[in-house]
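Chemist: Take a look at the following structure, please.
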Amino acid sequence: MASYFADREVDLLVCAAGIIRDAPLLTLSEQNWDEVCQTNLSGSARCAKAVATGMLQRRKGHIVLISSYSALHPSIGQAAYAASKAALIGLGLSLARELGSAGIRSNVVLPGFLATKMTGSLSPERQQAVLDNHLLRRLNTPDRVARFVRFLEEDMPHTSGQVFNLDSRVA
């Protein structure tokens, strides 16, 4: 991974990978746990590490980690997903402290429930239940989340070490 970024100047890294293998922890296979954690957490950490060297040399850059509402409010059967996405929050806040003195920012975005391939497998009843938990009774879109990340990058240059929840659910 580091060799891929060695000759590239990356000013903005957005880590948005995510998979689910939902099952209660007691029945979750080790393989499924590992797949979720490798994709959702380790992949982001490796990418951040790979670009951080160049960012440190240039004394600028921004790392945005896409976490999940489930990191703070997991559903039943989401032990691996919730744990990996919660760890992204810790990673993002740690990076903000570790890299901030060099002018490098790190933020975490919780986009909320989005209509994607990952959520498309949920039953219509489950999707409606999620919608019913939103105070505004509407969901974000991938385009709106991308617009927020762009806004964060371009219009909030002094913001780092923050976690942004972009939907209207409350605990």
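Each reported figure results from applying straightforward, stated rules to the coordinates on display, with no laboratory input. This is a predicted model, so every value here is computed, not measured. All Cβ positions, glycine included, derive from the backbone under ideal geometry; neighbour counts span all protein chains shown.
Chemist: When the helices in the chain are scored as -39500 (n - 2.57) per DSSP H run of 4 or longer and the sum is shared across all residues, what 222 nm value do you end up with, to the nearest 500 deg cm²/dmol?
Modeler: Theoretical 222 nm ellipticity from helices: -13500 deg cm²/dmol.
Chemist: Just want the answer: with Cβ charges of +1 for Lys and Arg and -1 for Asp and Glu, which residue in Ser29, Thr39, Ile104 is farthest toward the dipole's positive end in the chain?
Modeler: Ranked along the dipole, the leading option is Ile104.
Chemist: Quick check on the exposure proxy: order Glu9, Glu35 from fewest to most C-beta atoms within 10 angstrom.
Modeler: By the 10 Å Cβ count, ascending: Glu9, Glu35.
Chemist: Let me ask something additional. Sort Val36, Val145 so that the residue with the fewest other Cβ atoms within 10 Å of its own Cβ comes first and the one with the most comes last.
Modeler: The most exposed by this proxy come first: Val145, Val36.
Chemist: Placing one identical point scatterer on every Cα of the chain and ignoring solvent, what is log10 I(q)/I(0) from the Debye formula at q = 0.11, 0.17, 0.21 Å⁻¹?
Modeler: -0.48, -1.06, -1.42
Chemist: Quick one: net charge of Glu35's neighbours, Cβ under 13 Å, K/R +1, D/E -1?
Modeler: -2
Chemist: Next question. So between Asp34 and Phe148, what do we pick up on full extension, going 0.36 nm a residue minus the alpha carbon distance?
Modeler: Extending this stretch completely gives an extra 38.0 nm.
Chemist: Taking the Cα centre as origin and putting +1 on Lys and Arg beta-carbons and -1 on Asp and Glu beta-carbons, what dipole magnitude results for segment 2-165, to the nearest 20 debye?
Modeler: In total the dipole reaches around 300 debye.
Chemist: In whole angstrom, how far apart do the alpha carbon centroids of segment 23-71 and segment 127-163 sit?
Modeler: Taking the Cα centre of each part, segment 23-71 and segment 127-163 sit 19 Å apart.
Chemist: Per 0.36 nm of contour for each residue apart, how much would the distance between Leu12 and Arg59 grow if the chain were fully extended, relative to their Cα-Cα spacing?
Modeler: Here the answer is 15.7 nm.
Chemist: A further question follows. Report the one residue of Leu139, Ser68, Thr159 whose Cα lies farthest in the direction of the positive end of the charge dipole of segment 2-165 (charges on C-beta: Lys and Arg +1, Asp and Glu -1; origin at the Cα centre).
Modeler: Final value for the positive-end residue is Thr159.
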